[in-house]
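Shown next, in structure tokens, is the structure this report addresses.
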Amino acid sequence: MRAGAPWVFSNEIEMTPALKALAPGSLVRVEGGDGRPFGTGYFNPASLIAARLLSPDPESRIDEAFFVERISHALSLRQAFFETPFYRLIHAEGDGLPGLVIDRFDDVLVLQITTAGMEALIAPLQRALESVIAPRVMILRNDTPARLLEKLDLYARPLKGGMPPHVVVEENGVRYFADLEGGQKTGWYFDQRFNRADVAALARGHTMLDVYCHGGGFSLLAAKRGAREAIGIDSSQSALSQAEEAATANGVSSNCKFIKADAFVELERLGTQGDVFDIVVADPPPFVKARKDLEAGARAYRRLARLAAVVTAPGGFLFLASCSHNISAERFAAECAAGIARTGRRAALVRQSGAGPDHPVHPLLPETAYLKALLYRLG
Ligand code: SAH
């Protein structure tokens, strides 16, 4: 905190009985043992991250005006980068609003609240969103297991308007479909937007295998940019149906194919069969969900890199990503390198990236930069 970090861990404060008795999510003034004020935050005696700072001003009022300022600041960042209103509008600490994620699908907002402190502030937050964005629909997707760390229950419900079954996502000139109610996360993985464009730029006249394709994020853009054939693999039928619908809507259904399969099983099968693709994308769900899963997850990333390299054509490109914040960028890259090396293929790392600018990272929480993406050219 002295250096400007926005979190206080429970073992860093004097847990007095009075403090322990505070209701989860209470607003507090945070100060050092020497009385030096750090600012205004919220507190949860049940959480390992006991307090999160909302403002460096110890007298700050956390009201509608506070949220209006934060949301407007976040909005202007997105408007600087994106022409259309489809992006992550609020990325928690990166936007000065710990415990809050908001994804924007034009006039539909999907909110995800992960802390008791933010949950207690829904009313002024909602009024501020009305004033800055005036959305037609707001949905609370408060069903992420991260809430359990704050002893919050899991639920999903509309906050304003009805639950729209499907919404359109306009991105890189493609129209995708997202399922806000039953879909994964908040319905769309906005974080890969720039990576999709980078990979698709290589696709003209080539073939692509999009492993863990979800709604067709990588493959549909590649097809739209002239890929000869794009094949998507996913284990979720609803994700595949959305990808298929979007292929039709974008006029690329004749060169796209979506297959329901387990990624590892299908990669083994394609590899054994000797099938290869000019571009292979593997963007899996988090393999390291908790720190204790690090070794098992690291092995899974290595195995995925190996199997994906096997089906990458000579001279082709291999894109590997990890969205696990519990594995470091260095370790992930080391596992990918080891997996590719096992195939005996020559490889060059040609690009390293992360999430787009609508996922800003607080400079003192570099570990929250969860998305790691590596693009290799294989020999
Ligand atoms: N690349 C996608 C996002 C991938 S998210 C995009 O650009 O939007 C991870 C995806 O992996 C999810 O769609 C999930 O359904 C799928 N998945 C999870 N486990 C899987 C498995 N064992 N085999 C295949 N797909 C799996």
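Taking the stretch 343-368 as the range and being in a loop (DSSP other than H, G, I, E, B) and open to solvent by 50 Å² or more (accessible area, probe 1.4 Å) as the test, the residues that pass are GLY344, ARG345, ARG346, VAL361, PRO363, LEU364. Restricting the stretch 282-295 to residues that are more than 9 Å from the ligand (Cβ to nearest atom) and among the aliphatic types (A, V, I, L, M), the residue that is nearest to the chain's Cα centre (by Cα) is VAL288.
Considering the stretch 231-267, the residues that are within 13 Å of VAL211 (Cα to Cα) and open to solvent by 70 Å² or more (accessible area, probe 1.4 Å) include one that is farthest from the ligand (Cβ to nearest atom), namely LYS257. Right, ALA298: open to solvent by less than 40 Å² (accessible area, probe 1.4 Å), away from the ligand (no atom under 16 Å from the Cβ), in the same structural domain as ALA197 (by TED's automatic domain parsing) and not in a strand (DSSP E or B) or not? When the stated conditions are applied, ALA298 passes them. When GLU93, GLU69 are checked against the criterion of being open to solvent by 60 Å² or more (accessible area, probe 1.4 Å), closer than 30 Å to PHE190 by Cα and within 25 Å of the chain's Cα centre (by Cα), GLU69 stands alone in meeting it. Only residues that are within 9 Å of the ligand (Cβ to nearest atom) and either farther than 21 Å from PHE86 by Cβ or open to solvent by 10 Å² or more (accessible area, probe 1.4 Å) (or both) were counted across the stretch 197-217, and they come to 3.
For the residues ALA128, ALA156, ALA134, the requirement of being more than 16 Å from the ligand (Cβ to nearest atom) and open to solvent by less than 10 Å² (accessible area, probe 1.4 Å) singles out ALA128.
I'd like to know if the stretch 272-281 contains one or more residues that are within 15 Å of the ligand (Cβ to nearest atom), outside the structural domain of LEU149 (by TED's automatic domain parsing), more than 17 Å from HIS206 (Cα to Cα) and open to solvent by less than 50 Å² (accessible area, probe 1.4 Å). Within the stretch 272-281, not a single residue is within 15 Å of the ligand (Cβ to nearest atom), outside the structural domain of LEU149 (by TED's automatic domain parsing), more than 17 Å from HIS206 (Cα to Cα) and open to solvent by less than 50 Å² (accessible area, probe 1.4 Å). In the stretch 168-196, the residue that is surrounded by the most Cβ atoms within 10 Å (Cβ to Cβ) out of those that are of a type in the set (Phe, Trp, Tyr), touching a strand residue (DSSP E or B) at 6+ places or on another chain (Cβ under 9 Å) and within 18 Å of PRO284 (Cβ to Cβ) is TRP188.
The values are calculated or read from the model by the stated rules, or taken from the named source; none is laboratory data. Here the structure is a predicted model, which is why all the values come from computation and not from measurement. Counting neighbours? That spans all protein chains shown, and the Cβs are built from the backbone with ideal geometry, glycine included. Just the protein is used for accessible areas: all its heavy atoms, side chains included, with ligands, DNA and RNA removed. Shrake-Rupley method; radii C 1.70, N 1.55, O 1.52, S 1.80 Å.
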